[in-house]
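So the structure is just underneath, and the comments pick up after that.
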Amino acid sequence: MSDYFPNVPKIKYEGPDSDNPLAFRHYNPDEEIAGKSMKDHLRFGAAYWHCMRNGLGDPFGMGTALMPWDDGSESLDNALKRIPVFFEFLDKNQIDYYCFHDRDVSPEGATWAETHSNLEKVTEGLKAAQKSSGKKLLWGTACLFAHPRYAQGAATSPNADVFAYAASQVKHALDATHELGGAGYVFWGGREGYASLINTDMKRELDHLARLLHLAVDYGKKIGFTGQFYIEPKPREPSTHQYDSDAAACLNFLREYDLLDHLKLNLETNHAELAGHTMEHELDVAAAAGALGSIDANRGDTLIGWDTDQFPTNLYQTTNIMLRVLKLNDGQGLTTGGLNFDAKRRRESHLPEDLFHAHVGGMDAFARGLKIAAKIIADGRFDDFVKKRYSTYDSGIGAEIEGGSANFDTLDGYALGIEPPVLESGRQEMLENLLNDYI
Ligand code: XUL
Ligand code: CO
């Protein structure tokens with residue numbers, strides 16, 4: 001194998017006492033936690049767009065990232081040359097999965113037909129790299145937001161020819177995802193929203209967005225794609241209002257348009273925060289609807305109001321996420337989904353090896369979250385507390401309310417016959433202290 005990262009050895013688990021910054025101190029891929037290896041619980045993925053295509057520019061300045069393997073061109077040749085670099089990175093960092101947008105891996109051509117043929121050629125290259133490395137595709141997606149043709153939306157553009165382009169692009173991105181054995185396919189509606197209602201027919205735009213998703217589901221069936229479709233909520237950026245603004249808005253949309261059987265949610269921490277929620281709120285909303293599918297692992301910055309896509313390092317967040325992941329699907333955890341690092345280095349961290357420091361830190365933060373969450377669940381103190389808090393619904397009048405046999409007349413009679421309710425303490429502070437003990 002060629003060596004694009006000569007300063008970086010293969011990252012190994014060295015245990016908590018290691019002072020080697022390019023070693024895992026907590027992520028030990030084959031170690032069993034709660035009946036499963038860490039790598040099978042965590043299903044880490046890397047984002048092609050951030051690792052290979054993000055030059056680390058910001059609104060005030062150009063990119064800083066050094067990528068000596070990249071000639072800076074939008075040629076097919078350059079696209080093909082990035083593949084071995086990315087797979088060397090995955091191998092050295094012990095990351096089993098990856099995710100991509102069609103336009104990250106493969107450039108637009110001079111014609112639309114050439115654009116499709118570029119993607120087919122790159123897909124062949126990715127397939128060969130997957131085969132020789134054993135790495136897998138967690139999900140693919142189409143970039144329906146960067147090109148100027150999508151300035152007014154893709155599926156929600158007022159222009160039907162743009163809808164046709166978007167459909168055509170998704171068709172080919174799905175073909176590529178299917179060819180690569182992708183476990184999923186994501187829709188993130190980057191431009192599916194509005195800049196102003198003054199010129200917008202919202203109902204028609206939502207109908208069109210649902211139409212595109214139905215067409216994708218139908219086409220997936222036609223080609224035998226058995227992966228999971230996801231929709232990724234995010235508010236605020238880049239439109240004034242995004243139709244997929246948070247988990248609840250996505251679920252309502254999916255229900256209204258009969259799509260809930262076909263799509264789950266891919267939830268991202270920074271997006272939850274921009275929506276004014278915690279990530280655990282978003283996870284609980286999705287899980288309650290049976291629609292929690294996959295996770296884009298990152299974090300925001302409370303002092304900055306945009307999607308900073310920082311690498312996850314906050315142990316409270318990783319613990320809270322893993323508490324929910326461990327309970328998912330009756331304790332099976334993530335099935336088709338994974339923890340995809342939709343995260344980028346800071347503009348100051350411009351050297352190739354910073355990619356590794358970033359991912360090692362994120363993986364160790366989630367490994368610790370996993371271990372802490374497994375211990376919390378095994379001890380059962382939080383679960384017991386919450387169960388007891390609702391125990392008045394386990395029998396008597398509570399069971400009648402939950403079971404549906406109580407009505408206003410019986411509840412009125414019951415309330416008249418008892419002493420005024422006496423509440424138990426919610427004990428929030430005691431539980432927060434307990435959480436600190438585990439962390
Ligand atoms: C944008 C974002 C996307 C999706 C995939 O904020 O998170 O990169 O994850 O389109
Ligand atoms: Co994302």
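Points to keep in mind about this one:
- Computed from the C-beta positions of residue 226 and residue 302, the FRET efficiency with R₀ = 56 Å rounds to 0.90.
- Pairwise label distance in nanometres, residue 71 with residue 392, each label 7 Å out on the Cα-Cβ vector: 7.3
- Residue-wise HN-Hα couplings along the range 18-32, as the Karplus relation 6.51 cos²θ - 1.76 cosθ + 1.60 with θ = phi - 60° gives them from phi, are 5, 10, 7, x, 9, 9, 7, 9, 10, 7, 10, x, 8, 5, 7 Hz; Gly and Pro carry x.
- Area of residue 123 that stays accessible when all protein chains are in place (1.4 Å probe, Å², to 10): 10
- Among the trypsin sites (Lys or Arg not before Pro) in the range 1-51, those placed in a DSSP loop whose Cβ has at most 11 other Cβ atoms within 10 Å are 10.
- Each other residue within a Cβ distance under 15 Å of residue 226 adds +1 if Lys or Arg and -1 if Asp or Glu, for a net charge of 0.
- The residues packed around residue 251, meaning those with a beta-carbon under 11 Å from its beta-carbon, carry a net charge of -2 if Lys and Arg are +1 and Asp and Glu are -1.
- Of the GluC sites (Glu not before Pro) in the range 384-439, those whose Cβ has at most 11 other Cβ within 10 Å and which sit in DSSP loop: 424
- Of all accessible heavy-atom area on the chain, the percent that carbon and sulfur account for (1.4 Å): 52
- C-alpha center-to-center spacing [the range 1-76, the range 377-439] in angstrom: 45
- Annotation: the antiparallel percentage among DSSP beta bridges lying fully within the chain is about 20.
- Loop-located chymotrypsin sites (Phe, Trp or Tyr not before Pro) in the range 40-98 (DSSP state other than H, G, I, E, B) with a sparse environment of at most 11 neighbouring Cβ atoms within 10 Å: 60.
- On a per residue basis, the range 32-379 carries 40 Å² of accessible surface, using protein heavy atoms and a 1.4 Å probe.
- At R0 = 25 Å, FRET efficiency that the Cβ-Cβ distance of residue 37 and residue 315 yields, to 0.05: 0.75
- With a threshold of 26 Å on the Cα-Cα distance, the over-threshold entries among 39/127; 131/327; 234/264; 121/171; 36/388; 10/264 are 131/327; 36/388; 10/264.
- Solvent-accessible surface (1.4 Å probe) assigned to residue 256 amounts to roughly 120 Å².
- Cα-projected label distance for residue 132 with residue 218, points at 7 Å along beta-carbon direction, nm: 4.1
- Label sites at residue 353 and residue 402, each approximated as a point 7 angstrom past Cα along Cα to Cβ, lie 5.6 nm apart.
- Cut-off 9 Å between beta-carbons: net charge of the residues surrounding residue 144, Lys and Arg +1, Asp and Glu -1: 0
The values are calculated or read from the model by the stated rules, or taken from the named source; none is laboratory data. What you see is a predicted model, and the numbers here were worked out from it, not measured in a lab. FYI the Cβ positions are ideal-geometry reconstructions off the backbone, even for glycines, and counts take in every protein chain you see. These area figures cover heavy atoms from the full protein model, side chains too; ligands, DNA and RNA do not enter into them. Shrake-Rupley method; radii C 1.70, N 1.55, O 1.52, S 1.80 Å.
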